[in-house]
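Heads up, the thing below is written out as structure tokens.
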Amino acid sequence: MALTSRNLPYLIIGFVSLMMPIAHAANQNVKARPDFKDYPVEISKGPFASQLEFSDEEKNYSSHWKEITINEFKKSENIAGHYRIYTDDKSSGKECLDHQGGVCGWVIDKLSGKIVMQLPSINGTNVYQQVADNGTPVGEEFRIETRKNSYLIILTGQAIPQKIEHDENGIPLTYPCQTTYYILKKNQFSKIFEDKNGCDVD
């Protein structure tokens with residue numbers, strides 16, 4: 001059909017009708033992403049533990065780790081009402097699976113004064129790249145987002161495999177950089193949403 005001033009309005013209407021379901025689907029995908037306000041929690045008023053309690057295993061961790069962990073324990077909660085989560089890229093002993101330069105993280109329960117878990121695990125590893133390969137020269141820096149009055153944690157990064165495996169061409173296999181949404185309840189992370197494109201640069 002030739003494009004004329006007479007049939008142009010019909011073509012525009014047809015194009016708009018075609019694009020509306022696509023736009024609606026994209027909008028629905030954005031809305032599907034969890035938000036902090038969707039997972040509210042009351043901020044605890046204590047009583048909080050007066051000192052940090054290390055387990056027998058943690059007593060063998062590096063002095064660097066012990067120092068930063070004690071300092072973090074003194075700070076206020078930053079997730080799920082009574083937890084303090086923090087990360088470090090300089091730990092390289094038993095506490096971080098001997099990964100020099102990898103990002104590790106821990107969760108302190110300020111009510112009990114105990115370290116209750118590390119960062120969420122992906123395929124058996126909870127150590128992440130400082131800067132993830134997202135197909136750009138700049139890459140994507142590891143980051144976590146939390147609120148003290150919400151169970152939700154948003155983690156963006158690329159996990160470091162415990163054991164490097166290779167494909168049939170000898171190329172090392174890696175985990176992709178992505179953004180994953182978890183909730184923290186009862187000393188446990190539960191994955192609720194995964195954004196495979198979360199590391200893309202706009």
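Couplings for segment 167-176, taken from phi via the Karplus curve 6.51 cos²θ - 1.76 cosθ + 1.60 with θ = phi - 60°, read 7, 5, 9, x, 7, x, 8, 10, 7, x Hz in order; Gly and Pro are left as x. Solvent-accessible area of Tyr182, all protein chains in place: 20 Å² (probe radius 1.4 Å, heavy atoms, ligands and nucleic acids excluded). Here the gap between Asp200 and Glu42, fully extended at 0.36 nm per residue and compared with their Cα-Cα distance, gives a gain of 53.5 nm. Once the chain from Val116 to Ile192 is taken as fully extended at 0.36 nm per residue, the excess over their C-alpha distance is 25.3 nm. In terms of its Cα atoms, segment 75-151 spans 41, 28, 24 Å along the principal axes, sorted from long to short. In plain terms, the chain from Lys59 to Ser76 could stretch by 3.8 nm, reckoned as 0.36 nm per residue minus the Cα-Cα distance.
Three semi-axes describe the equivalent ellipsoid of segment 26-88; taken as square roots of 5 times the Cα gyration tensor eigenvalues and ordered largest first, they are 32, 17, 9 Å. Taking the inverse of the mean 1/r over every pair of distinct Cα atoms in segment 86-202 gives a Kirkwood hydrodynamic radius of 15.1 Å. Taking the centroid of alpha carbons for each part, segment 126-160 and segment 54-120 are 17 Å apart. Once the 1.4 Å probe is applied to the protein heavy atoms, segment 68-202 comes out at 51 Å² accessible per residue. Across segment 40-46, computed HN-Hα scalar couplings (Karplus, 6.51 cos²θ - 1.76 cosθ + 1.60, θ = phi - 60°) run x, 8, 6, 6, 5, 9, x Hz from first to last residue, x flagging Gly and Pro. Ordering 63-76, 102-115 by mean Cβ neighbour count within 10 Å, with the highest value first, yields 102-115, 63-76.
The values are calculated or read from the model by the stated rules, or taken from the named source; none is laboratory data. Please read all numbers here as calculations on a predicted model, not as lab measurements. Cβ: placed from backbone, ideal geometry, glycine included. Neighbour counts: every protein chain shown. Accessible surface areas use protein heavy atoms only, side chains included; no ligands, DNA or RNA. Shrake-Rupley method; radii C 1.70, N 1.55, O 1.52, S 1.80 Å.
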